[in-house]
């Protein structure tokens, strides 16, 4: 038996700062469809994904939550893995950068780089983006912000180890120029060459000392390894690489990776830093890095705080896993960003999955049961040339689909591959309209022809389901169940007629995809969005809870009670301390054309000089009172915290003295 050819595919490991949205989940579905397709082509596939769990951002998140960093990432990693499982992802290893075998190799590799002179100690002063874990120079910023994520950067200075990137830059440039397939699409290659490599590479900071949550540098424990070096090493540590020369047979079999599938926003790390580090290790470079486009919502990035974010599990709960997989794969082009909304998914489900695929399967099974008790028999050649032409055209279309799909998948044009499959399914639906089985059923002499028509439809459906399996595995299996057969490998899709004549379709047909009412979809979306915004508000309230305080509630009053109180803006024009009092200040407050004298117990928080010129909130119809021998003709309103500190209540915007407060 011929040994299967190995194929190693990876995704970027997900950062454990929070739950991924559907735009993040798109990548793992895309990778899974490629991995499943390669398995059907006969490859021995190893598919790795996982989580990136170190860095300052994680340390800060954990502090906010009041847990250790490890406890925090354990929880988020569990959520991410659970989403992968719900999306029916067929990964072979789910690696975590907190895994012991990975951390050990990160330390070994860092030490090896240091020992061979690729890393040296220095100090770094620059602008740091915490979310991206990246240093930038002033010239690299875009509008004064991080060029990758658009967030604020902060000045930072610290002792650090640096990698001599320039030592390998020319070699990398030559490699990219002689391996045009290495970076895809080509636009990403041009970006890396023109914006980073050709202008010249600076040495890269590869350690940090200002936080502790990272892989320690084992010969200098004040430092932790740069999170991107730590993360990228997962591609080799996960399959058994050893920096001391004891790499596993699995590593020798699968490296170099056939495909690193990543988002276009992190292409620089994978096509500049990672190849240079591999060169320093003396290891071959991955065969291809594909920077896929993003899946946007209404043309913009998703944001939980804005409520314009969609999560895969919410979509799966409503549409089903294969409808979600189909949509994100079909609607994201090879090079341009895709778009996702609840309405768009529903429309695509109705048009493609319900009308084209579901209707074809349901009609074929129903007619087979109605006319032949479920038996599907090939009665041979058609009786006349017109029938023969129809059958021949159907068979040519069905058998011609696999080569077209393989061509598209070879170019990673997954959306185009799905279009080819659904084009074939449309042809099967057209075949029903052309042959009109319901009319054949009325003529006993056309029974054999009717049987052959239904056989051809079943055979076309089985081949279509076998092609769909990498993209919609559950649906493909359900179609095979209804057809009463197994799904086929790609090696069996070059022949028409392998469905065993005399087999029986199910007498329990199920609707694959029911049409959806867009009004119901809209109502459900509104409910999900409302729940999300309530969750965000709750989280924000919880995070801000330590800054708030509860006070004992007084009895309720009526509006008439409140309406008796007169509040106006006052301007303090003079102020002095009340003699023989430790607490009181006496202010002259202009309110309209009048000046009131008001005594307030705020001496511990304000000096007389600070009071002059302030606009304040005054209760003006308070009955005059004498305090420490001084008459007070109103009250200044203040806020008080739990420690007795006071703050005058002032208008947010400029208001004239005397303006009513209502």
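The values are calculated or read from the model by the stated rules, or taken from the named source; none is laboratory data. The shown structure was predicted, so the numbers you read here are calculated from the model rather than taken from an experiment. Reconstructed Cβ throughout: ideal geometry from the backbone, glycine too, with neighbour counts over all protein chains shown.
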Given the criteria assigned to a helix (DSSP H, G or I) and over 21 Å from residue 429 (Cβ atoms), does residue 453 qualify? no
When the stretch 483-495 is checked residue by residue, the ones that are more than 18 Å from residue 404 (Cβ to Cβ), crowded, with 19+ Cβ neighbours inside 10 Å and more than 33 Å from the chain's Cα centre (by Cα) are 483, 484, 485
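Okay, residues lined up against (1) over 30 Å from residue 310 (Cα atoms); (2) in contact (Cβ under 8 Å) with a residue 12 or more places away in the chain; (3) in contact with a helix residue (DSSP H, G or I) (Cβ under 8 Å, 6 or more places away or on another chain):
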site	(1), (2), (3)
519	no, no, no
526	no, no, no
536	no, yes, no
570	yes, yes, no
601	yes, yes, no
618	yes, yes, no
621	yes, yes, no
630	yes, yes, no
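Of everything in the stretch 40-54, what is touching a strand residue (DSSP E or B) at 6+ places or on another chain (Cβ under 8 Å) and in contact (Cβ under 8 Å) with a residue 40 or more places away in the chain? Give them in sequence order. First the steps, then the outcome.
Filtering the stretch 40-54 down to residues touching a strand residue (DSSP E or B) at 6+ places or on another chain (Cβ under 8 Å) leaves 43-54.
Across the stretch 40-54, the qualifying residues are 44, 45, 46, 47, 48, 49, 50, 51, 52, 53, 54.
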The condition of being in a helix (DSSP H, G or I) and modelled with pLDDT under 95 holds, among 387, 406, only for 387
From 330, 292, which residue is under 19 Å from residue 89 (Cα atoms) and at pLDDT below 95? 292
Across the stretch 1-14, what is the number of residues that are at pLDDT 95 or above and either touching a strand residue (DSSP E or B) at 6+ places or on another chain (Cβ under 6 Å) or in the same structural domain as residue 403 (by TED's automatic domain parsing) (or both)? 9
From the residues in the stretch 215-249 that are within 23 Å of residue 9 (Cα to Cα) and in contact with a strand residue (DSSP E or B) (Cβ under 6 Å, 6 or more places away or on another chain), which one is surrounded by the most Cβ atoms within 10 Å (Cβ to Cβ)? 238
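I'm trying to understand the selection: among the residues of the stretch 320-344, which are touching a strand residue (DSSP E or B) at 6+ places or on another chain (Cβ under 8 Å) and part of a loop (DSSP other than H, G, I, E, B)?
331, 332, 337, 340, 341
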Kindly indicate which of 212, 167 is surrounded by fewer than 16 Cβ atoms within 10 Å (Cβ to Cβ), in contact with a strand residue (DSSP E or B) (Cβ under 9 Å, 6 or more places away or on another chain) and modelled with pLDDT of 90 or more. 212
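Residue-wise test of (1) at pLDDT below 95; (2) assigned to a loop (DSSP other than H, G, I, E, B).
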position	(1), (2)
199	yes, yes
220	no, yes
231	no, no
247	no, yes
251	no, no
276	no, no
Being assigned to a loop (DSSP other than H, G, I, E, B), touching a residue at least 40 places away in the same chain (Cβ under 8 Å) and surrounded by 12 or more Cβ atoms within 10 Å (Cβ to Cβ) is the filter here, so list the residues in the stretch 636-655 that pass it. 637, 651, 655
Here is a check on your reading of the model: is residue 143 more than 23 Å from residue 200 (Cα to Cα), without any contact (Cβ under 8 Å) to a residue 24 or more places away in the chain and loosely packed, with under 11 Cβ neighbours inside 10 Å? no
One residue from 465, 480 being free of Cβ contacts under 8 Å to residues at least 24 places away in the same chain, surrounded by 22 or more Cβ atoms within 10 Å (Cβ to Cβ) and either in contact with a helix residue (DSSP H, G or I) (Cβ under 9 Å, 6 or more places away or on another chain) or not in a loop (DSSP other than H, G, I, E, B) (or both): 465
Would the stretch 437-455 turn up any residue that is without any contact (Cβ under 8 Å) to a residue 12 or more places away in the chain, surrounded by fewer than 21 Cβ atoms within 10 Å (Cβ to Cβ) and in contact with a helix residue (DSSP H, G or I) (Cβ under 7 Å, 6 or more places away or on another chain)? yes
Pick from 257, 280: which is assigned to a loop (DSSP other than H, G, I, E, B), surrounded by 16 or more Cβ atoms within 10 Å (Cβ to Cβ) and in contact with a strand residue (DSSP E or B) (Cβ under 9 Å, 6 or more places away or on another chain)? 257
Among the residues listed as 112, 151, the single one being more than 30 Å from residue 33 (Cβ to Cβ) and either assigned to a strand (DSSP E or B) or over 22 Å from the mean Cα position of the chain (by Cα) (or both): 112
Please find, within the stretch 405-425, the residue that is nearest to the chain's Cα centre (by Cα) out of those that are surrounded by fewer than 17 Cβ atoms within 10 Å (Cβ to Cβ) and either more than 30 Å from residue 291 (Cα to Cα) or without any contact (Cβ under 8 Å) to a residue 60 or more places away in the chain (or both). 410
How many residues does the stretch 68-92 contain that are part of a helix (DSSP H, G or I), crowded, with 17+ Cβ neighbours inside 10 Å and touching a helix residue (DSSP H, G or I) at 6+ places or on another chain (Cβ under 7 Å)? 5
(1) within 38 Å of the chain's Cα centre (by Cα); (2) on the phi < 0 side of the Ramachandran plot all hold for residue 456 apart from (1)
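When you look at residue 114, is it within 25 Å of residue 168 (Cβ to Cβ), buried (at least 16 other Cβ atoms within 10 Å of the Cβ) and modelled with pLDDT under 95, yes or no?
Answer is no for this residue.
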Yes or no: the stretch 175-182 includes at least one residue that is closer than 23 Å to residue 102 by Cβ and at pLDDT below 95. no
Conditions (1) touching a residue at least 40 places away in the same chain (Cβ under 8 Å); (2) under 26 Å from residue 197 (Cβ atoms); (3) surrounded by 15 or more Cβ atoms within 10 Å (Cβ to Cβ): number failed by residue 122: (3)
Scanning the stretch 221-261 residue by residue, the ones that are within 19 Å of residue 112 (Cα to Cα), over 29 Å from the mean Cα position of the chain (by Cα) and in contact (Cβ under 8 Å) with a residue 24 or more places away in the chain total 5
Residues located in the stretch 11-67, provided they are at positive phi and surrounded by 20 or more Cβ atoms within 10 Å (Cβ to Cβ): 50, 55
